[in-house]
Each structure stands twice: as C-alpha cells, then as structure tokens.
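Trainee: First the structure, which I've put down as structure tokens, then a few questions once you've had a look.
The values are calculated or read from the model by the stated rules, or taken from the named source; none is laboratory data. Predicted model only: the values in this text are computed from it and were never measured. Glycine also receives a Cβ, built like all others from the backbone with ideal geometry; neighbour counts cover every protein chain displayed.
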Amino acid sequence: MLQIQDLSLNLDNKPILRNINLSIHRGEIHSILGANGTGKTSLAYVLMGLYRPTSGRIMFEGEDITELPVHERAKRGITLAWQEPARFEGLTVGEYLRLSRERGGGSISPERCLEMVGLTPFLYLGRAVDGTLSGGERKRIELASVLAMEPKLAILDEPDSGIDAPSLDHVVNVIRTLAKGGSSVLLITHHEQIAEIADRATCLCAGMVLKTTNPQDIVRFFRNHCRECLHINRPEEELVRNI
Amino acid sequence: MSETSDRSREFDAIVEAYERSGGDPSALLDGRFASLVVSGNKVLSSNSVPGVVLEGQETETGVRAYVKVEPGTKVPFPVHLCFGVLPQEGLQEIISEFEVGEGAKVKFLAHCFFPNATNVRHIMDSRVHVGQGAEMEYSETHFHGRRGGTEVVPRTQVEVEAGGRFRNQFKLVTGRVGRLDIDLEARLMERAVCDLEVKVYGKEDDEINVKESVYLDGEGARGLVRSRIVVTEEARSEVLGEIVGNAPFTRGHVDCVEIVQGERAKAKALPLLQVSDPTAKLTHEAAIGSVDKRQVQTLMARGLSEEEAVDVIVEGLLK
C-alpha cells in the first residue's frame, strides 16, 4: 500500500532522514521505534506532506504522492494524529468528529468513536476542543477523530504518550480496530509494550532504518542498543554495516 | 395613513428583520418576556413584567431608555431589546440607564440591526449600575448589511457594587462592520466580578476600535477582558484591553486574539495592566497574526482544503 523509496530530508542543511526505504502493507500495524530526535516524527510529517523531502519518492496505492499537499493526501485516505494535537476555540468535539467522519467517508458514529477511546459521549460531544481539555483527553479525542475517518493509512505519532496506564488499553483497541477494518497503521511509539502489538516494526537512528523485522526482535534490539543510548544519532558502525 | 398603522407596519418590518437575522420573534410578542423595540427614534413596543420596569422615551434623534430590575428579582426569561434602523440613512442615539437592584438577577439579549445602511450612525450611551450581590448579563448581537455604511459607537459606564457580577458580550460577525468604536469602562467594588467579551469580524475597509477598561477598586474584585477579532482584506482593528488593580487581592486577566487574513489587513493589540496595590495580580495574553499553522494542518489532515480549514477556525473563534 505505501512504499517509501530512498527518502531523505534535510532541514536547515542538516540531514534528518537518510535514504529511507520502507513498505507498509494493507491492514498492517507497523511500529517505528527510536530514541528521541532520531527522525520518527519527521518521517510522519513527510508522509503527511507537512515537510517536502529533499529526495526520494512516496508511493501510495501505486500513485506517486510525493508532491501532493496535505489535504490531497487526506482525501486519498492518509491521516495523522499529532503527538501534541492542536486545540480549537469554539469547535466542539462533536463537530470535530463529524467533520473527520464526513471528510474521511467513515461510518462509525462520533458517539462510538468516543466510547472506543474511553470517553463518555454525553460528557464530551458538546465540549470545545480547546485548552479546557487535559492533555490526555485531547490525545484521546485526536485518536477518536482518526477512527472517525476510517483512513486507509493512519499515522499515529506517540498516541500513547501522556495517556494514563488504564487508558492504554483503549489506545491498543483503537489501533486493532483500525487494522481489522483494513486500515494500515504506522505507529510511532516509545512504549515497548505498545510496539509489540504490531505486525512488523522498524528501528530508526540518525534518520536511517537500522532494522525492520518482527516487533519482538525490534523491541529487543531497541532495548539493547537504543533505550539507554549515550550516543544518539551516532549508531554503532556494526549496525550501520548491516543495513 | 394613520400614525398607528405606520408604527404597526414598522413593527412588523422590525420583527421580520429580527427573524431574518436569526432571532426568535415570539419573544417580542409573548407577554411573559420583558422587551423594548425601537426603530430609529420610535418606541414601537415596550413590555414590562413583574419586577422589571422598561421605559422608553422618544427624543429627536433616538430614544432615552430606563430599565430597572427591582431588588431581589430573579428574572426568569431574558429581557429582549431590539434596536434597528431600516432605512439606508439615519441617526439613532440610545441613551440608556440600567439599574439592577440588590440581589437581583437578569439577562438582557440585545439585537441591533441595520440591514440596508449606507449611512447610519448608531450611538449607545449607557450607564449601568449593578447592586450589591446582583447579577447582570448583557449580550448584544449586531446584524449589519453588506454595504459597510454603519457607524456603531457604544459608550458604556458600569458600576458593580460589592459581590455583584456583570457579564457583557458584544458580537458583530454578520455583514460588514463599517466603523465600530467601543468604549466601555467598568468599576468594581469588593468581591465584584466582571467579564467582558468582544467578537468582531472585519472585512473590506471596516474599522474596528475597542477600548475596554476595568478598574478593580474593591478588595478581591476580579475582571476578565477578552477579545476575538478577525480582519480580512483592508480591514483594520485596534484593541485596548485595560485592567487596573487598585485594591488588595484583586485579580485580572486580559486575553486578546486577533487574526489577520491577507496582506493588507492590519491589527493592533494593546493589553494594559496597572497595579497600585502590591497584592493585586494581573496577567495578559495576546496572540496576533495569521491563523495558527498547526490548527490548519490538523484540519487539512482530515481532508479540508487550506481555505476550508481557515473558515472552520475563524468560525469557531467568533462563535
């Protein structure tokens, strides 16, 4: 469904992503692990069209979407849940979810989307998506809005950060529901447990793909090489040689 | 044609304009609602209810209105005030006095419409007195035509006695603003609370000037001054939100957001805080500029074009 081909990104003349090659299959949950600052969010932004790559191509369902603007990608079924979602004065949760559903062509009701992220519809539909929501509430509403779109590809940038432990089950359930419905999920996370729900996983360092394989092996790899890394973005030579 | 039938026709026209602008005309016809309907310098109807006295006296250029809410009266339904000028040209001066007695509670819904204006001047000169422990909410919504020929000049002096509450909302987002020049000054005594909000959408060569000042003169008084202004094309706005903390333990906040769309629109925000007591605490936040990029990107990631995303954001801000 998604092919990332030789993708590189420079920002302020600094290399952020380097020759990334990665494929995401239909209905696949694909975790991206990596230490802070290794290019995970930048990759998400390039895929959504927020950053234009310096070189390389992004193919989605056989179409080259590298030059398409954000909303054209969304129309083709790609969406992104931000790590720190924007807040909107005067826009209610109900309006936000309806708008996402209508534009994405989804069929799940706003009420059901809220229930699935563990929020009571009666209490939230009329509230504004503004600063009165806690960080965790806002993130769950962002996830609900992705669910409402029923996208072909959901890029979730750390959907589990800032979420309390009991609510993590809701996050996992939403990801699984998306995949069951045929959506592919690119899941950026620090949580090893969450990463393990994926079908495949990739570890990034210095904007490079160090390894792509089953999530258990990637989690082990991450634990051994990245979790307490003292030389972030300077991967060991041996690891780079094996790419 | 008799004067009575002239007034009756004018009343029907005002009610129709009121309905077209989204108002509920039944409130103007239902005897349970206190109401005052003014067209130009004519008082077309005036209805008082128990505990609420509404008097309108016609002058050469407008109306002198007196509104009194008896002490202790909790008015169950909003009091409706309609001020309109239907011809293309005209001057309407509303000189009003609001007296809300001790412990009373009342909400006013004011609608002002100038749908055909090419040269209409609407001046409001109001004095408001909110008694001890009383609560008054005044919500004013304007409906203007598309020609920009309206000049709106509200001047308001407010005094809120100890423990009283005053909330004022001014909204002008439908049609062209023309020229708007708001000047509101509120003085608050002990533990009194004041919440002021202005929402305006300026287009073409509209001019918007807002000056709102809150003087926290009594211990523990609190004030909030909020404004949400959007200017497009060649419209200009200048907002001065001022809070003065003159008494111990007073708290105040100025919150101003101005969105500028297009290269020729201009906006200016001036939050002004003054403190003359060391225990007073005043804060402000002002955001001025284009629509937040992250908000636009978020909505675009849901499938909206950039223009649609900006419309949704602006609509929410001015709701």
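Trainee: Assuming residue B:209 fulfils every condition listed in (1) surrounded by 20 or more Cβ atoms within 10 Å (Cβ to Cβ); (2) of a type outside the set (Phe, Trp, Tyr); (3) modelled with pLDDT of 95 or more; (4) under 25 Å from residue B:288 (Cα atoms) apart from one, which condition is it?
Mentor: (1)
Trainee: Further, regarding this structure: Could you tell me which residue of the stretch B:144-156 is surrounded by the fewest Cβ atoms within 10 Å (Cβ to Cβ), considering only residues that are more than 12 Å from the chain's Cα centre (by Cα) and part of a strand (DSSP E or B)? Reasoning before the result, please.
Mentor: In the first step, residues of the stretch B:144-156 are kept if they are more than 12 Å from the chain's Cα centre (by Cα); the result is B:144-151.
With part of a strand (DSSP E or B) added as a condition, the list becomes B:144, B:150-151.
Working: B:144: 27, B:150: 28, B:151: 19.
Among them, the one singled out is B:151.
Trainee: Can you pull out every residue in the stretch B:1-52 that is buried (at least 17 other Cβ atoms within 10 Å of the Cβ) and charged (D, E, K, R)?
Mentor: Selection gives B:10, B:42.
Trainee: Here are the criteria: (1) aliphatic (A, V, I, L, M); (2) outside any strand (DSSP E or B); (3) without any contact (Cβ under 8 Å) to a residue 24 or more places away in the chain. Tell me which single one residue B:117 does not satisfy.
Mentor: (3)
Rundown of residues vs (1) surrounded by fewer than 24 Cβ atoms within 10 Å (Cβ to Cβ); (2) assigned to a strand (DSSP E or B); (3) touching a helix residue (DSSP H, G or I) at 6+ places or on another chain (Cβ under 7 Å); (4) among the β-branched types (Val, Ile, Thr), yes/no style:
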| residue | (1), (2), (3), (4) |
| --- | --- |
| B:190 | yes, no, no, no |
| B:199 | yes, yes, yes, no |
| B:214 | no, yes, no, yes |
| B:234 | yes, no, no, no |
| B:247 | yes, no, no, no |
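Trainee: Next question, about the same structure. Among the listed residues B:102, B:97, which satisfies the condition of being in contact (Cβ under 8 Å) with a residue 40 or more places away in the chain and over 21 Å from residue B:18 (Cα atoms)?
Mentor: Working: B:97 fails: in contact (Cβ under 8 Å) with a residue 40 or more places away in the chain.
From the options B:102, B:97, the qualifying one is B:102.
Trainee: Just for strands (runs of 3 or more DSSP E) wholly inside the stretch B:26-80: which have at least 1 residues that are touching a helix residue (DSSP H, G or I) at 6+ places or on another chain (Cβ under 9 Å)? Spell out how you get there, then give the answer.
Mentor: Working: elements: B:35-39, B:42-47, B:52-58, B:62-69.
The qualifying strands (runs of 3 or more DSSP E) are B:35-39, B:42-47.
Trainee: Mind checking which residues of the stretch A:198-218 are in contact with a Leu (Cβ under 8 Å, 6 or more places away or on another chain), modelled with pLDDT of 85 or more and of a type in the set (Val, Ile, Thr)?
Mentor: If the condition is that a residue be in contact with a Leu (Cβ under 8 Å, 6 or more places away or on another chain), modelled with pLDDT of 85 or more and of a type in the set (Val, Ile, Thr), then A:202, A:209, A:212 are the ones that fit.
Trainee: Go through the stretch A:73-102 and give me each residue that's more than 21 Å from residue A:125 (Cβ to Cβ) and more than 9 Å from chain B (Cβ to nearest Cβ).
Mentor: Of everything in the stretch A:73-102, those that are more than 21 Å from residue A:125 (Cβ to Cβ) and more than 9 Å from chain B (Cβ to nearest Cβ) turn out to be A:76, A:77, A:83.
Trainee: Among (1) farther than 30 Å from residue A:1 by Cα; (2) under 21 Å from the mean Cα position of the chain (by Cα); (3) more than 9 Å from chain B (Cβ to nearest Cβ); (4) modelled with pLDDT of 95 or more, there is one condition residue A:129 misses while meeting the rest; what is its number?
Mentor: Just one mismatch for residue A:129, condition (3).
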